[in-house]
Amino acid sequence: MSDVVIQTTNLSKELASSLLRRKVRILSGLNLSVQKGETFGLIGPNGAGKTTSIKLMLGLMRPTEGKAVVLGMPSGDKRALARLGYLPENPYFYSHLTGREFLDFAGQLFGIESKQRRERAKELIEIVGLTEAADMQMRKYSKGMLQRLGIAQSLINTPELVFWDEPMSGLDPIGRRDVRQILLELKEKGTTIFFNSHLLPDVNEVCDRVGVMCKGRMVVQEQVKNISGGGSYKDLEDFFLEVIGKAESGGSANFEEAVS
Ligand SMILES: Nc1ncnc2c1ncn2[C@@H]1O[C@H](COP(=O)(O)OP(=O)(O)O)[C@@H](O)[C@H]1O
Ligand SMILES: [Mg+2]
């Protein structure tokens with residue numbers, strides 16, 4: 001169906017562990033579909049497999065089994081990459097460049113012509129609140145400023161789909177509010193948003209649907225309105241803790257299963 005923007009089928013990843021002398025499954029059979037315009041939040045404890053899932057969808061990692069189709073194309077296809085934005089978990093910056101120069105560079109990678117690049121960079125600098133610091137070298141930026149710049153970078157090509165890995169990380173409450181605002185504006189424009197976060201109140205506020213991962217498996221996917229909208233849970237945190245508690249004590253504990 002053309003309205004499905006992200007589709008994964010049995011997406012799985014194993015890595016060889018020399019320490020354990022066997023293969024370790026870090027993602028098991030992920031089946032997920034995200035609709036156009038949807039905001040999907042992936043939550044789960046550290047090491048659950050959230051970043052791995054994003055990297056597989058982007059084609060930055062190859063799956064051991066299964067596949068991902070993004071914007072109608074196999075993961076990693078350049079035509080899809082040109083239409084999406086990505087904020088990595090630990091973005092790398094060229095510290096001698098200014099924020100504005102970095103955005104210009106990011107725009108060049110997408111083949112955006114010079115005048116349009118300048119205008120887009122200016123617009124994004126304002127959106128993420130870096131106007132004062134735009135012409136300062138990035139080595140002088142705080143963690144929060146770098147995070148804001150990373151977000152701006154992910155939007156340089158006016159993407160129709162964004163993957164944000166921990167977008168609120170390193171931000172103070174004002175920064176978090178700003179990111180929520182940017183997210184809501186993107187959402188209003190119909191952008192499809194896929195992001196990971198530990199900050200459940202933020203996820204609750206902006207997401208249409210959440211997926212909870214634990215030990216390399218998607219444990220549950222649910223509409224946010226069914227969780228915190230007067231259902232059987234007090235809030236998203238209550239839901240999250242119950243789901244994770246069950247997952248950790250039961251069913252999906254074959255995280256480090258020997259596969260060879
Ligand atoms: N390149 C790698 N080599 C070895 N182990 C990895 C690698 N990438 C991820 N892992 C392991 O896979 C698991 C899932 O990692 P990750 O996807 O980064 O989790 P999350 O983003 O949910 O914190 C973790 O146990 C992590 O240590
Ligand atoms: Mg991660």
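For the residues G85, G37, the requirement of being in a loop (DSSP other than H, G, I, E, B), closer than 26 Å to L149 by Cα, touching a Ser or Thr at 6+ places or on another chain (Cβ under 7 Å) and away from ligand 2 (no atom under 16 Å from the Cβ) singles out G37. Checked against the criterion of being over 30 Å from S12 (Cα atoms), in a helix (DSSP H, G or I) and outside the structural domain of V34 (by TED's automatic domain parsing), segment 158-174 has no qualifying residue. Under the condition of being over 20 Å from R180 (Cα atoms) and touching an Asp or Glu at 6+ places or on another chain (Cβ under 8 Å), the residues counted in segment 122-149 number 0. I'd like the full set of residues that are farther than 22 Å from G29 by Cβ, among the aromatic types (F, W, Y) and in a helix (DSSP H, G or I), limited to segment 214-251. The answer is F239, and nothing else.
The residues in segment 180-207 that are in a loop (DSSP other than H, G, I, E, B) and open to solvent by 50 Å² or more (accessible area, probe 1.4 Å) can be counted, and the count is 3.
Pull up segment 224-238, narrow it to residues that are within 21 Å of the chain's Cα centre (by Cα) and surrounded by 18 or more Cβ atoms within 10 Å (Cβ to Cβ), then point me to the one that is nearest to V206 (Cα to Cα). Among those that are within 21 Å of the chain's Cα centre (by Cα) and surrounded by 18 or more Cβ atoms within 10 Å (Cβ to Cβ), it is V224. No other residue among L27, L20 is aliphatic (A, V, I, L, M) and open to solvent by less than 10 Å² (accessible area, probe 1.4 Å) apart from L27.
Q108 meets all of the listed conditions (1) part of a loop (DSSP other than H, G, I, E, B); (2) without any contact (Cβ under 8 Å) to a residue 12 or more places away in the chain but one, namely (1).
Report whether or not N46 is in contact with a His (Cβ under 9 Å, 6 or more places away or on another chain), of a type outside the set (A, V, I, L, M) and modelled with pLDDT under 95. For N46, the condition - in contact with a His (Cβ under 9 Å, 6 or more places away or on another chain), of a type outside the set (A, V, I, L, M) and modelled with pLDDT under 95 - is met. Pairs are defined by a Cβ separation below 6 Å, a sequence spacing of at least 6 or placement on different chains, a first member in segment 15-32 that is β-branched (V, I, T), and a second member that is open to solvent by 80 Å² or more (accessible area, probe 1.4 Å); the pairs so defined are V24/E256. Collect the residues in segment 136-157 that are touching a residue at least 60 places away in the same chain (Cβ under 8 Å), among the hydrophobic types (A, V, I, L, M, F, W, C) and in a helix (DSSP H, G or I), keeping them in residue-number order. Within segment 136-157, just I151 meets the criteria.
Rundown of residues vs (1) farther than 26 Å from R180 by Cβ; (2) assigned by TED's automatic domain parsing to the domain that holds V243; (3) within 8 Å of ligand 1 (Cβ to nearest atom), yes/no style:
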site	(1), (2), (3)
G41	no, yes, no
S53	no, yes, yes
L56	yes, yes, no
L60	yes, yes, no
T64	yes, yes, no
S75	yes, yes, no
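The set of residues in segment 64-76 being part of a loop (DSSP other than H, G, I, E, B) and open to solvent by 50 Å² or more (accessible area, probe 1.4 Å) consists of T64, G72.
Taking the criterion of being out of contact with any Lys or Arg (no Cβ under 9 Å at 6 or more places or on another chain), more than 21 Å from R83 (Cβ to Cβ), open to solvent by less than 50 Å² (accessible area, probe 1.4 Å) and of a type in the set (A, V, I, L, M), would at least one residue in segment 149-159 satisfy it? There is at least one residue in segment 149-159 that is out of contact with any Lys or Arg (no Cβ under 9 Å at 6 or more places or on another chain), more than 21 Å from R83 (Cβ to Cβ), open to solvent by less than 50 Å² (accessible area, probe 1.4 Å) and of a type in the set (A, V, I, L, M). Any residue at all in segment 214-223 that is in contact with a Ser or Thr (Cβ under 7 Å, 6 or more places away or on another chain), crowded, with 21+ Cβ neighbours inside 10 Å, on the phi < 0 side of the Ramachandran plot and in contact (Cβ under 8 Å) with a residue 12 or more places away in the chain? Yes - at least one qualifying residue is present in segment 214-223. Scanning segment 161-179 for residues that are surrounded by fewer than 18 Cβ atoms within 10 Å (Cβ to Cβ) and either among the hydroxyl-bearing types (S, T, Y) or away from ligand 1 (no atom under 16 Å from the Cβ) (or both) yields D172, P173, I174, R177.
The values are calculated or read from the model by the stated rules, or taken from the named source; none is laboratory data. Source: prediction; values computed, not measured. Note that we place each Cβ from the backbone using ideal geometry, even for glycine, and neighbour counts take in every protein chain shown. All accessible areas refer to the heavy atoms of the entire protein, side chains included, with ligands and DNA or RNA removed. Shrake-Rupley method; radii C 1.70, N 1.55, O 1.52, S 1.80 Å.
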